[in-house]
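One structure is given here, and the rest of the page talks about it.
Readers should treat all values here as calculations from the given coordinates under stated rules, not as data from a laboratory. The shown structure was predicted, so the numbers you read here are calculated from the model rather than taken from an experiment. FYI the Cβ positions are ideal-geometry reconstructions off the backbone, even for glycines, and counts take in every protein chain you see.
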């Protein structure tokens, strides 16, 4: 979409001021940049209308987006961050599983290095003990894909954790 020199000049000249407005509304640089980007895209879509007062038009969009974000966050329950050694991790492995806290942290670190789908399959299949069918249903993928991801995950974990990964149960 090429809107011409007018739009390009507007973005170049007004972006610093609009980013400052976004930042003051969002209190986070990443969210401010996202707000500004979305506002500029919406302004571009309606450039014929916005051309007469583009900065005011874009600022109104930023305010509306920030308000929508704030309202959405108010409807959501508050997030509680877990620390690196969260107790929730310890409750998943029974004490008689033969995995100590140090080994558990090594495994968790290795799992973090897997692509998301492989990690999800590995966690559900081998940490939570879900069947292939249950894992497929939870992730919305076929059973063959679960088996493929599981094999790749185990192969990668064997590379990352030699001498620690045994053959998984079928």
FRET efficiency (residue 159, residue 133; Cβ distance; R0 25 Å; to 0.05) is 0.35
Length gained if residue 105 through residue 51 is fully extended, taking 0.36 nm per residue and subtracting the Cα-Cα distance, is 13.8 nm
Between residue 145 and residue 12, Cβ-based FRET efficiency (R0 35 Å, step 0.05) works out to 0.15
For region 5-75, the Kirkwood Rh over every pair of distinct alpha carbons, in Å, works out to 12.1
